[in-house]
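Input: a single structure, listed below in structure tokens.
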Amino acid sequence: MSRRTRRENARPPAGGAGRCTVTVCRGCCCGTAKVPGTDHAEQLSRLRASLDGEAQVRVTGCLDACEQADVVVVQPSTEGRGAGGRPVWLGLVNDPGAVDDIAAWIRQGGPGLADPPGVLDLYAFTPSRRVRRAAEQ
């Protein structure tokens with residue numbers, strides 16, 4: 001990735017400051033044929049469409065939680081972080097309905113502001129400190 005591309009991706013979209021950020025892993029395992037039976041392109045497209053104007057959706061390389069592929073991390077909005085919200089790691093996000101549940105939660109406020117739908121408890125996991133630290137940088 002060029003420096004220019006990195007800089008452009010680091011800037012929040014217009015009006016996006018303070019919104020939730022959804023990071024979708026598309027590294028070595030997530031988003032590949034290693035996770036069969038999932039239309040990864042459709043999953044990402046639906047997530048972007050359903051959160052358009054609500055949250056920033058970004059794609060990243062490997063988050064080093066391959067055993068949980070496909071991984072999605074929901075980071076709280078500025079307001080949500082102020083209310084105690086922290087990033088929520090969701091793994092095994094391979095069911096088409098999971099995108100709808102994630103989007104509905106974020107539209108309600110996301111981490112710190114709204115309780116996630118109960119079904120998302122099945123996807124939530126805690127990555128190692130090393131993985132969390134690397135992802136936050």
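All of the numbers you see were taken from the coordinates with simple rules; none came from a lab. Being a predicted model, the structure only gives us computed values, none of them experimental. In this analysis, Cβ positions are derived from the backbone assuming ideal geometry, glycine residues included, and neighbour counts consider all displayed protein chains.
Using Cα-Cα distances under 8 Å and only pairs 6 or more residues apart, what relative contact order does the stretch 20-136 have, in percent?
Working: 198 pairs, mean separation 33.5, N = 117.
Normalised by residue count, the contact order of the stretch 20-136 is 29 percent.
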- Item | For peptides 97-104, 22-29, sequence by mean Cβ density within 10 Å, most packed first | 22-29, 97-104
